[in-house]
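Working notes, structure below.
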Amino acid sequence: MATVNLRIFRKLVLGNRRRMKSFLTLLEKKAPKGLQEFRVEADKQVWQRTDCLDCANCCKTMSPTYTKEDLRRISSHLGMSEAAFKEKWLYKDKTGDWMNVKQPCQFLDLKTNMCDIYAVRPRDCAGFPHHNTKKMNADYMHMYKQNIEYCPATYRLVMTVMEKFNGG
Ligand code: SF4
Ligand code: SF4
């Protein structure tokens, strides 16, 4: 499995994000034939080249959104009340969602890139970067546009799709 070098990734993002976002805007307006099928196959290849334990950039730079069920499950796992859990680590954003105050996430072990609460982690973390559940269509293009800047797997997926349908 290929490694993830975040220093190189950040440079690539700076150099390519503008044209990748323009390409995603084109897809948003009109999806080429075969896009969704190609995306699924390309995603499998991306994960053969991407090891999250080399990376953890999502846990270092983004916050999950905690659902009510997440709050109940995680606070119970930690032996805390939900109120104490929120008070210690979370804030409510403008849309009313519960988010981490701290980045990197308080549950990330920075030596190993492993999650200290992996078995009970937020649903958002378990599904991230959501390639399987969120098609590359107008409903979710904002997510791909955002995540190419944070997630090397999303960056690689979008770059592969761009090379296929836009000649890179
Ligand atoms: S809860 Fe775990 S998986 Fe989610 S952001 Fe924190 S360290 Fe990462
Ligand atoms: S999901 Fe993306 S950002 Fe998170 S660890 Fe894996 S490759 Fe890195």
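List of remarks:
- Subset of the stretch 21-50 [under 15 Å from I148 (Cα atoms) and either among the charged types (D, E, K, R) or not assigned by TED's automatic domain parsing to the domain that holds T154 (or both)]: K21, R39, D43
- Checked against the criterion of being touching an Asp or Glu at 6+ places or on another chain (Cβ under 8 Å) and either modelled with pLDDT of 95 or more or on the phi < 0 side of the Ramachandran plot (or both), the candidates S63, S75, S81 yield just one match: S75.
- Residue count for the stretch 125-168 satisfying the condition of being assigned to a helix (DSSP H, G or I), without any contact (Cβ under 8 Å) to a residue 60 or more places away in the chain and among the charged types (D, E, K, R): 1.
- Among the helices (runs of 4 or more DSSP H) confined to the stretch 55-118, the ones with at least 3 residues that are touching a residue at least 24 places away in the same chain (Cβ under 8 Å) and either surrounded by fewer than 19 Cβ atoms within 10 Å (Cβ to Cβ) or of a type in the set (D, E) (or both) are located at 68-77.
- Residue within the stretch 23-43 that is under 16 Å from V158 (Cβ atoms) and within 15 Å of ligand 2 (Cβ to nearest atom) present: yes
- Residue match in the stretch 88-102 (condition: within 16 Å of ligand 2 (Cβ to nearest atom), more than 18 Å from L157 (Cα to Cα) and not assigned by TED's automatic domain parsing to the domain that holds P152): yes
The values are calculated or read from the model by the stated rules, or taken from the named source; none is laboratory data. All values reported here derive from a predicted model rather than from experimental measurement. Cβ atoms come from the backbone with ideal geometry, glycine included; neighbour counts cover every protein chain shown.
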